[in-house]
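Notes to accompany the following structure.
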Amino acid sequence: MPTIRSSSPASAPDATPPAIHAVPAERDTPGSTASPSPGDSLSCDLFCSVIDNFGDIGVCWRLARQLSAEHGWQVRLLVDDLHTFARLCPALDVAQARQRVEGVLVEHWHEPTHAGDPIAVADIVIEAFACELGPAYVAAMARRHRPPVWLNLEYLSAEDWVAECHLKPSPHARYPLMKSFFFPGLSPGTGGVIKERALDEARLAFEASAAAREAWWQQSTGAHAPEPDATVISLFAYENPAIDGLLEQWRDSAEPIVLLVPEGRISGALARFAGRSAFEAGAHLECGSLRAHSLAFRPQPEFDTLLWASHLNFVRGEDSFVRAQWARRPFVWQIYPQADAAHLPKLDAALAHYARTLPPAARAALGRFWHAWNETGTPDWADFWGHRHVLAARAATWADELAGIGDLAANLAEFAKSQLK
Ligand code: TRH
């Protein structure tokens, strides 16, 4: 069994973890006798250090809102990078050290300005992706009237060892504190993945309404929803050498291809393909059978609609990878690259789950396409998309299988409450 460690793809910044400011008294201050009675809502401090891109805060923001909205927890989300957060949540004021957004108390997690502030510690402390809490906060945890439930929320992996390590406790070297490792996963015995209660209902409503879809296309692209025989593809990716060959195949396709590209790290490839200096939000291109629209980065709650408007979704990292699975459409995953190709076993583990019930030819074609998209070589579009109907059917049954694990917030809440003394 591998040593328990964060599967963080990048080493966390070596800056001293920032300390925590005092917070409103509703939390349990160390030494106080206050402790929530059964009827009280639980308090939760969720810490997030943004390493890069959007996934760290993307996962934490979803989880914070869900624990607050669906479980009634008093959630404080402490983030060290409000600017990245604001891309997902435009309502956030990056100048405010503390603010309430959508029921969540958001605090800028940085060096203390007033040393010695009394530090209030919540009933449940979630350290996202092993972001490492400041020593002052950990000491305050140890002094708390009731030791908090301390969870390390790990990165998502579909590998088999995850279920063996899920919820394993780890005693603190110095204090009478126990940290439990909470592993998201795609199989029973893990923490599952995030899914809001109303997600399927919202998707079904969008799919059932031609008016809603037309309004989305007008608002997002300035164009009408495409013709019925067009294949709509969303492309949310890191830079990827395989894209050039794919764009050419889509240009030469026998059927119309409409590409929806959120402005970001892959946009340069579209600009290069179009012979332009940029492919910024609002830009469009037409070349042979390919039409492409560059979309503005949208608030996180609106990201799902992009996936629902498409027949095939190219996603990346962790959170969009999960959202594509709930969208019940075929998807292609560009995994967050790690040194020494450590990400490839994670890719194969996810493929093993997702492709398990596919007919051999479709399973092989899916594997070839995902590996070409994540390694070297050119993805063969016709080889892959020739299996579109089987892939579409699998996308639906996979989402049902995944839902059977239970959603991450509910699994986490159930465990946390079982640990409260
Ligand atoms: O941005 P990412 O590459 O984040 C990565 C991964 O999470 C990776 O696992 C992690 O180790 C690394 O960060 C540090 O991909 P991800 O996880 O899909 O997160 C993107 C978030 O951005 C997701 O919550 C969806 C959101 N999003 C929007 O809110 N609006 C948009 O317009 C788009 C395109 C994305």
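Here is how the numbers come out for the structure above:
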item: Cα→Cβ-extended label distance, 7 Å offset, between LYS421 and ARG98, nm; result: 2.7 nm
item: Relative contact order (%) - criterion: Cα under 8 Å, at least six apart; region: the chain; result: 15 percent
item: Size of electric dipole in region 199-403: Cβ of Lys, Arg +1 and of Asp, Glu -1, about Cα centre, debye, nearest 20; result: 140 debye
item: Mean separation of Cα contacts under 8 Å, 6 or more apart, over the residue count of region 271-421: relative contact order %; result: 16 percent
item: Interchain or long-range residues, amide H under 5 Å from SER43's placed H; result: GLN74, ASP123, ILE124
item: Accessible solvent surface per residue of region 199-403, calculated while the other protein chains remain in place, 1.4 angstrom probe, Å²; result: 40 Å²
item: Residues of region 225-257 with amide N under 14 Å of the 7 Å Cα→Cβ point at ARG213; result: 225-233
item: Gyration tensor verdict on region 219-269 (Cα atoms; rounded if a/c is under 1.5, prolate if a/b is larger than b/c, oblate otherwise); result: oblate
item: Cysteines without a disulfide-compatible neighbour (Cβ-Cβ under 4.7 Å), the chain; result: CYS44, CYS89, CYS131, CYS165, CYS287
item: Virtual paramagnetic centre 7 Å along Cα→Cβ of ARG87, amide N under 18 Å, in region 46-60; result: 48-60
item: With every protein chain in place, region 199-403: carbon and sulfur % of accessible area (1.4 Å); result: 57 percent
item: Average Cα contact separation per residue, region 113-236, under 8 Å, 6 or more apart, as relative contact order %; result: 16 percent
item: Stretchable slack from ALA364 to THR376, in nm (0.36 nm times residue separation minus alpha-carbon distance); result: 2.6 nm
item: Cα shape, region 328-421, gyration tensor, a/c 1.5 rule; result: oblate
item: Prolate/oblate/rounded call for region 199-403, Cα gyration tensor, a/c under 1.5 rounded; result: rounded
item: Cα-projected label distance for ALA281 with HIS145, points at 7 Å along beta-carbon direction, nm; result: 4.7 nm
item: Helix 388-403 axis, angle to the chain major axis (alpha carbon atoms, nearest 10°); result: 10 degrees
item: Label-to-label distance, nm, for residues given as PHE297 and ARG251 (7 Å Cα→Cβ offset); result: 2.9 nm
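The values are calculated or read from the model by the stated rules, or taken from the named source; none is laboratory data. Everything numeric here is computed off the predicted structure, so don't read it as measured data. Ideal geometry is used to build each Cβ from the backbone, glycine not excepted, and the neighbour counts take in all protein chains shown. With ligands, DNA and RNA removed, areas are computed over all heavy atoms of the protein, side chains included. Shrake-Rupley method; radii C 1.70, N 1.55, O 1.52, S 1.80 Å.
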